Amino acid sequence: TEKIPTPDLSNKESVEMGTRLEQFVADLFAEKTGKQVRKAPKVYQHPKYPFMVAHIDRLIANSDELLECKTCSAYKLEEWENKIPKEYVLQVIWYLGITGRKKGWIACLIGGQKFDYKCIEFDEELFNLMVEKAVKFWEMVQNKVPPVILPDDCDTLGEVYSEHTDDMIESQELNDRVAYVQELKMHRDEIN
């Protein structure tokens, strides 16, 4: 909604390393599976909703499959044991739906020491639900309505509402008074 500037990720070392290692992950996947991979030639768009796009890492030659290449720290190893992190499953389902493909692979170099890859089959019901939610979200963006605030959004809230208002001060005072009354009640119960 343009209330805060878009973050510049170009100088983040983790982003740079992920970009540099993408080809390595793709090559390793091809070596381990025997599948030939090639760079995706374009950005794909949903046929009905052009704001819905997919930036595919690689396509698998002579197939209806695609590959997403990931890198992560060793601290994420547990997330990869016998499963795929949820956000990556959703990303691959999204890319499969946008491109009309039926099977996706996700390959990940974990901590620079472990390599793992897994297959994700297209789930049309999940994709349709994602499209429905994306349409609603895009309407909010177009109308400059921010999404619902979550507890993890405190940094973003600080940027959006860097100036305090009288309403915010009154709200804080009210919260402080409620906390004080609750504390008094707690001590009263201890005395009785």
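Observations on the structure shown:
- The lysines within cross-link reach of LYS3, meaning a Cα-to-Cα straight distance under 18 Å and a gap of 8 or more places when in the same chain, are LYS144.
- Amide H contacts under 5 Å for ILE56, placed H, 5+ residues apart: TYR44
- Of ALA134, GLN36, GLN113, farthest towards positive along the dipole that unit charges on Lys, Arg, Asp, Glu beta carbons give the chain: GLN36
- Averaged over residues, the count of other Cβ atoms within 10 Å places the peptides 35-42, 22-29 in the sequence 22-29, 35-42, highest first.
- Note on LYS83: lysines with a C-alpha under 28 Å away, same-chain residues under 8 apart excluded, are LYS12, LYS32, LYS35, LYS39, LYS70, LYS102, LYS103, LYS114, LYS118, LYS133.
- The Cα center of the stretch 95-131 and the Cα center of the stretch 1-28 differ in position by 19 Å.
- Here the accessible area of the chain is 52 percent carbon and sulfur, with a 1.4 angstrom probe and all protein chains present.
- Relative packing of 111-120, 6-15, which averages over residues the other C-beta atoms within 10 Å, highest first: 111-120, 6-15
- Segment PHE24-LEU150, length gained on full extension (0.36 nm per residue, minus Cα span): 41.7 nm
- Amide H contacts for GLY111 (H built 1.01 Å from N in the peptide plane; partners 5 or more residues away or on another chain; cut-off under 5 Å): CYS72, SER73, ALA74.
- Nearest-0.05 FRET efficiency for TYR180 and VAL15, computed from C-beta distance (R0 41 Å): 0.35
- Heavy-atom surface of the chain, accessible at 1.4 Å and reported per residue (Å²): 72
- In Å², nearest 10: area of LEU77 left accessible to a 1.4 Å probe: 60
The values are calculated or read from the model by the stated rules, or taken from the named source; none is laboratory data. Values in this document were obtained by computation on a predicted structure and should not be read as measured data. Reconstructed Cβ throughout: ideal geometry from the backbone, glycine too, with neighbour counts over all protein chains shown. Just the protein is used for accessible areas: all its heavy atoms, side chains included, with ligands, DNA and RNA removed. Shrake-Rupley method; radii C 1.70, N 1.55, O 1.52, S 1.80 Å.
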